[in-house]
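Laboratory data are not the source of any read-out in this text; all were calculated from the coordinates shown. It should be emphasised that the depicted structure is a prediction, and the values quoted were computed from it without experimental measurement. Glycine gets a Cβ as well: all are built from the backbone with ideal geometry, and neighbour counts include every protein chain shown.
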Amino acid sequence: MSEEATAVDTEKMSPKEVNPDQIMDFLKSKMGARFKMWLKICAHCGLCADTCHHYLASGKDPKMIPSYKVRFLLEILRKKGKVDRDYLKKVYDTVYYECNACRRCTLYCPFGIDIALMISLLRSLLLSQEMVPEGLAKAVENYKEFGNQMAVTKEDWVETLEWCEEETAEELVGLKIPIDKKGAKIMYTVNAREPMFYPQDIMEVAKIFHVAGENWTFPSKSGWDATNLAMFCADGKTARVIVENTFKCADELGVQQVAVTE
Amino acid sequence: MDFFSFVEGPLLWIAFFTFILGSLIRVALFLSMSRKMDKIVYQHFSWKYIFATLGRWLLPLNRDVVKNPIFTTLGYVFHICLVIVPIWLSGHITLWEESRFEWSWTSIPDGLADWMTLIFLCIALFFLLRRIFSANIRLISTFSDYSLLVVTALPFLSGYFVTHGTLDNVAFLGDNMQLIHMLTGELMLILIPFTKLFHFILFFFSRGVTAVEFGRRGYSI
């Protein structure tokens, strides 16, 4: 996850009442047979404990055992969604700050229980109740409006690429930063922070492509941002649009490969 | 019909039927629900990854063997004894031979069965003590974790007592050990489809769906 999302410790909390029916409808629509099975068969053997870096880094705090972190799902189901904001705040603290969905516990679980998928489901549930880390919420808004997490407009993006080309060409004569070049072999994508804060990264990559003699291009349309922060707050719809944008660009330009550097 | 005959006859039928029918129904429910709700598993379905994961985890070829060798060994031995002793015990096979089915198969030596039972009970006791005394495991343990361990161990404990007459001089227990053995065995059979003991089937489904999930990214677990 890029730093702007994790650094923000305040979160966007909606003051509105929790609606149990809405929670249950949400869970019913999302909880497949897999989730129900996992909640039922976990033998609480504890083998997942010391596979978790949060557990190890907290001085082996039992509350950090992966199997324990997903108890919320079972509790919410038992309570038929009748939980309050304070309860959801506890869920929030666990699913965002005590698990980063690395899936290492799953590799050591005798049943292969996918804890990260359940954490993601809980994040998605919190999203439906408007509880999202502020940094992520902002990024998601930017994706929806501008197609990238930093709200870079198409004009700014193209202009940045153009002056990057100008400056770099002073050093390497003949260097080009191709934009929307049909039939290029590689379509290159970046983290949207690069045009905002680190244009030198774009220049350096252009130098490498130039010297290597690669046939490459940047797309001008949305799809050039390789990050997908919507995925981190389990906003599946937006996450899908972001990926589709990249695929659309690749299709239109007829490239053979998409390079994702994030 | 006295209570003993009921436990020996009708209740045994009820127990086996509950176990078999309950298991079949639960599998059917899982499959029909997953077909509707877990489409992604079917979209990326791959026997290759499923067989790979089952092979690794049914045999001790997985990463837990390296990371937690002692606990993993105990887990394997526990389950091997749990499955082998009741099915291949000569005393049980004799009953199948005498039954209306007249089924028969080779038994394991009684001495081996004795040792396997004792080892099984020691491991069960260790699991129980670990659950009670380890702060980690205690926090995540639920009532069913404790009680199902006891439910699983009781048929073995009472079976050992029946075979060896250990408690024959103790009032009530001595006279009724065979009854207790049958009752605890039947209780366990009946509980299997309704509790997490059903992992004897769901193990395969759970490993399978996760193997597919990791497999679609080219990683075999």
(message) Under a crude label model (7 Å from the Cα following the beta-carbon direction), how far is A:K82 from B:D110 in nanometres?
(response) 5.8
(message) Once the convex hull of the alpha carbons of the range B:87-145 is built, what does its volume come to per residue, in cubic angstrom?
(response) 104
(request) Give the whole-number value, in cubic angstrom per residue, of the convex hull volume spanned by the C-alpha atoms of chain B. (result) 171
(request) Would you please report the Å³ per residue occupied by the convex hull of the alpha carbon atoms in the range A:138-260? (result) 91
(message) Return the equivalent ellipsoid semi-axes of the protein assembly as shown as a descending list in whole Å, where each equals the square root of 5 times an eigenvalue of the C-alpha gyration tensor.
(response) 57, 24, 20
(message) Let me confirm the definition first: pairs of Lys residues in the range A:69-145, 8 or more apart or on different chains, C-alpha distance under 18 Å. How many are there?
(response) 8
(request) Could you line up A:R104, A:R78, A:R34 from fewest to most neighbouring Cβ atoms inside 10 Å? (result) A:R78, A:R104, A:R34
(request) For the range B:114-178, state the average projected area of the convex hull of the C-alpha atoms over all orientations, rounded to one decimal in nm². (result) 5.0
(request) Using a 10 angstrom cutoff on alpha carbons, build the Gaussian network for chain B and name the most mobile of B:W57, B:W88, B:W103. (result) B:W103
(request) Any chance you could get the radius of gyration and Dmax over the Cα atoms of chain A, in Å? (result) 21.9, 68
(request) Enumerate by residue number the chymotrypsin sites (Phe, Trp or Tyr not before Pro) in the range B:167-204 meeting two conditions: DSSP loop (anything except H, G, I, E, B), and at most 14 other Cβ atoms within 10 Å of the site's Cβ. (result) B:F172
(message) Charges on Cβ only, +1 for Lys and Arg, -1 for Asp and Glu, centred on the Cα centroid of the range A:138-260; of A:L253, A:V241, A:G174, which one is farthest towards the dipole's positive end?
(response) A:V241
(message) Inside 10 Å of the C-beta atoms of A:25-34, what's the mean count of C-beta atoms belonging to other chains?
(response) 4
(request) Could you please report the charge total around A:A239, scoring K, R as +1 and D, E as -1 over all other residues with beta-carbon less than 13 angstrom from its beta-carbon? (result) +1
(request) State which stretch of chain B is the longest one without any exposed trypsin sites (Lys or Arg not before Pro), exposure meaning a DSSP loop state and at most 12 other Cβ atoms within 10 Å. (result) B:101-216
(request) List the extent of the Cα atoms of the range A:17-129 along each of their three principal axes, largest first, rounded to whole Å. (result) 37, 28, 19
(request) Go ahead and set up a Gaussian network model of chain A, Cα springs under 10 Å, then flag whichever of A:A33, A:A151, A:A226 fluctuates most. (result) A:A33
(request) Work out, step by step, the length gained on full extension between B:K67 and B:W47: first 0.36 nm times the residue separation, then minus their alpha carbon distance; give nm to one decimal. (result) 4.5 nm
(request) Using label points projected 7 Å from each Cα along Cα→Cβ, tell me how many nm separate B:Y76 and A:A259, to one decimal. (result) 4.7
(request) Could you give the C-alpha radius of gyration of the range B:16-95 expressed as a fraction of 2.2 N^0.38 Å, taking N as the number of residues it contains? (result) 1.52
(request) Take A:K89, project a point 7 Å from its Cα along the Cβ direction, then tell me which residues of the range A:18-34 have their backbone nitrogen under 16 Å from it. (result) A:18
(message) So if I place +1 on the C-beta of Lys and Arg and -1 on the C-beta of Asp and Glu, and nothing else carries charge, what would the dipole magnitude of the protein assembly as shown be about its Cα centre? I want it in debye, nearest 20.
(response) 1100
(message) Please compute the contact order of chain B in relative form: average sequence separation of alpha-carbon pairs under 8 Å and at least six residues apart, divided by the residue count, as a percent.
(response) 34
(request) Might you list the cysteines of the protein assembly as shown that have no disulfide-compatible partner by the rule of another cysteine's Cβ under 4.7 Å? (result) A:C42, A:C45, A:C52, A:C99, A:C102, A:C109, A:C164, A:C233, A:C249, B:C81, B:C122
(request) Report, as an integer, the average count of C-beta atoms from other chains found within 10 Å of each Cβ along B:36-49. (result) 2
(message) Along the Cα→Cβ direction, 7 angstrom out, place labels at B:L24 and B:L139. What is the inter-label distance in nm?
(response) 4.5
(message) At a 10 Å Cβ-Cβ cut-off, how would you order A:E166, A:E252, fewest neighbours first?
(response) A:E166, A:E252
